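Trainee: Let me give you the structure first, and then I'll get to my questions.
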Amino acid sequence: MSERPPTPSLDAFARAKLAELESRSLKRTLQETWRTDGLWVERGGKRLLSFSCNDYLNLSHHPEVKAAAQAAVETYGAGAGASRLVTGDHPLLEELERKLAAFKGAEAACVFGSGYLTNVGVIPTLARGPDDVVLIDELAHACIWAGAQLAGGETRIFGHNDMGHLAALLRDAGASGRRALVLTDGVFSMDGDIAPLDEIAALCAAHDAWLMVDDAHGLGVVGDGGGMRGLFPRAHIPLQMGTLSKALGSYGGYLCASQPVIDLIKTRARSFVYSTGLPPASAAAALKALEIVERDAELTARPVQKARRFTRALNAPDATSAIVPVLFGQAQAALGAAGKLEDEGFLVVPIRPPTVPEGTARLRFAFTAGHDDSDIDRLAACVRSLMAA
Ligand SMILES: *Cc1c(COP(=O)(O)O)cnc(C)c1O
């Protein structure tokens, strides 16, 4: 044991912060969860059917994906060993980038350690100073905001999917001679709705603004598996980012763009330059998963079909993605509802502020290709009775 002096002021700070969060039902705790097959989990000695994983195609447990990861460990080892610019650029990464670029119809791609690292690396590399303005949809993902905070220029928020508002902000930026970088989720992670990218792309083109779309919840799930590019084949999206960690069942992030943009990112994005390369197993798993997404249209169609079965059973508007939110308002109510569903054998994680705006605590249901229709019907019946209570 070391004999370090205690730091009572630091511990008191942490305790006071935690107590305050606890009093607002906003304290978060980890719960060890064993995901046994991409669908079922074991938690606290209970076996639960998960509607809380982003593993939309259950590929994290696909035999071919697991075998590819294992083979990569044998060939290349467990870790990349260094930043890719030093010695961490193992051959699988280039293969993965070629495949991602082709999949997205882009010239080139850059793979990062995660989706979060992609956004916090790319955004400040492209929006650097007072001549830049970053425009963000108010419901964009936390790591897009984190990237914007690292950017040099001003950040302005447009109302969720509000094209009139975005157009006005673009006009403002033009009038003050500033370049705009426009940032939005494709499928919104907590709401499951979709950005009107045809309109956004047209606005950006008219104002020479740069559009970056986060396809974390789109790839493999919407647009015949092609994500935003599949849904909006005619929209020009010069900066297509996403993650390897959701429908692809692996880990890592990527940006697809033109060759000069990717060359710039690889030489300047700090989360690329100063962070270790993606482990070989993750790259190999993502490569195999992409191959499955490309060849199996029946598989990629299923998550949205399952989500629709659920929304129809609730008499709610048709799901447009694999994500369906059911709002409860206060955090306490969402926590209570999640507890009741757990008693019925379902794992549905409540989502609270600051992940979602104050007063919109919710259950976020994520549907996957492997969910049984009969389980979805039983879940919907439980949710209906919760809402009636
Ligand atoms: C999950 C998510 C990310 C982060 O990706 P990771 O690979 O998990 O770091 C980025 N953007 C959106 C919209 C996400 O939902």
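Trainee: Would you mind ranking Asp224, Asp11 so that the residue whose beta carbon has the fewest other beta carbons within 10 Å leads the list?
Mentor: Asp11, Asp224
Trainee: While we're here: Kindly work out what percent of the DSSP beta bridges joining two residues of region 166-254 are antiparallel, to the nearest 5.
Mentor: Counting DSSP beta bridges with both partners in region 166-254, the antiparallel share is about 35 percent.
Trainee: Students often get this wrong, so check it: of Lys66/Lys306; Lys66/Lys288; Lys17/Lys46, which have C-alpha atoms separated by over 20 Å?
Mentor: Distance filter (> 20 Å) returns Lys66/Lys306; Lys17/Lys46.
Trainee: Related question: Considering amide H positions built from the backbone, and no H for Pro or chain starts, which residues 5 or more places from Gly226, or on another chain, come under 5 Å of its amide H?
Mentor: Result for Gly226 returns Gly220.
Trainee: Treating cross-link reach as a plain straight distance, find the aspartates and glutamates whose alpha-carbon is under 15 Å from the alpha-carbon of Lys104, omitting any fewer than eight places away in the same chain.
Mentor: Glu95, Asp214, Asp215, Asp224, Glu291, Glu294
Trainee: Working out 0.36 nm times the residue gap between Ser83 and Thr7, then minus their Cα-Cα distance, what length gain in nm do you get to one decimal?
Mentor: Once the chain is fully extended between Ser83 and Thr7, it gains 23.9 nm.
Trainee: Across region 86-93, in residue order, what do the Karplus-derived ³J(HN,Hα) couplings come to in whole Hz, using 6.51 cos²θ - 1.76 cosθ + 1.60 with θ = phi - 60° and x for Gly and Pro?
Mentor: So the Karplus estimates, Gly and Pro as x, are 9, 10, x, 8, 6, x, 5, 5 Hz.
Trainee: Next question, about the same structure. Report the gain in length on full extension from Glu294 to Arg268: 0.36 nm times residue separation, minus Cα-Cα distance, nm rounded to one decimal.
Mentor: 6.2 nm
Trainee: Separate question: Along Cα→Cβ, 7 Å out, is where each label goes; now give me the distance between the ones at Ser258 and Lys66 in nm to one decimal.
Mentor: 4.5
Trainee: In whole Hz, what ³J(HN,Hα) sequence does region 313-327 give by Karplus (6.51, -1.76, 1.60; θ = phi - 60°), x for Gly and Pro?
Mentor: Ordered by residue, 3J(HN,Hα) equals 5, 8, 6, 9, x, 3, 4, 10, 9, 8, 10, 10, x, 10, 7 Hz.
Trainee: I would also like to ask the following. Placing unit charges on C-beta atoms (Lys and Arg positive, Asp and Glu negative, everything else neutral), compute the dipole magnitude of the chain about its Cα centre in debye, rounded to 20.
Mentor: Its charge dipole is roughly 560 debye.
Trainee: Report the Cα centroid-to-centroid distance between region 175-239 and region 67-138 in angstrom, as an integer.
Mentor: 19
Trainee: With the crude spin-label approximation of a point 7 Å out along Cα→Cβ, what separation in nm comes out for Ala16 versus Arg378?
Mentor: 4.9
Trainee: Follow-up. State to the nearest 20 debye the size of the charge dipole of region 71-123 about its Cα centre, where the only charges are +1 on K and R beta carbons and -1 on D and E beta carbons.
Mentor: My answer is approximately 140 debye.
Trainee: Which value in nm describes the separation of the simple spin-label points at Glu154 and Asp172, placed 7 Å from the Cα toward the beta carbon?
Mentor: The modelled label-to-label distance comes out at 0.6 nm.
Trainee: Report the net charge of residues surrounding Glu358, where surrounding means a beta-carbon distance below 11 angstrom and charges are Lys +1, Arg +1, Asp -1, Glu -1.
Mentor: +2
Trainee: Related question: Packing-wise, with mean Cβ within 10 Å as the measure, how do 110-122, 342-354, 193-205 rank, highest first?
Mentor: 110-122, 193-205, 342-354
Trainee: Which residue, Ala101, Ala68, Ala19, has the largest displacement toward the positive end of the dipole of region 17-105 when charges sit on each Cβ (Lys, Arg +1; Asp, Glu -1)?
Mentor: Ranked along the dipole, the leading option is Ala19.
Trainee: Would you mind calculating the gained length between Arg47 and Ala146 on full extension (0.36 nm times residue separation, minus the Cα-Cα distance), in nm to one decimal?
Mentor: Computed gain between Arg47 and Ala146 is 32.1 nm.
Trainee: Near Leu299, within a Cβ-to-Cβ distance under 13 Å, what is the net charge of the other residues, with Lys and Arg +1 and Asp and Glu -1?
Mentor: Residues close to Leu299 contribute a combined charge of -4.
Trainee: Pull up all non-local amide H partners of Phe328: gap of 5 or more, or a different chain, and H-to-H distance under 5 Å with H placed in the peptide plane.
Mentor: Distant-sequence amide H within range of Phe328: Ala361, Arg362, Leu363.
Trainee: About the Cα centre of region 278-329, what is the dipole size in debye to 20, counting +1 per Lys and Arg Cβ and -1 per Asp and Glu Cβ, all else neutral?
Mentor: 220
Since every read-out is calculated from the coordinates, none of them should be taken as a lab result. These figures come from a predicted structure and were not determined experimentally. Heads up, the Cβs are rebuilt from the backbone with ideal geometry, glycines too, and the neighbour counts pull from every protein chain shown.
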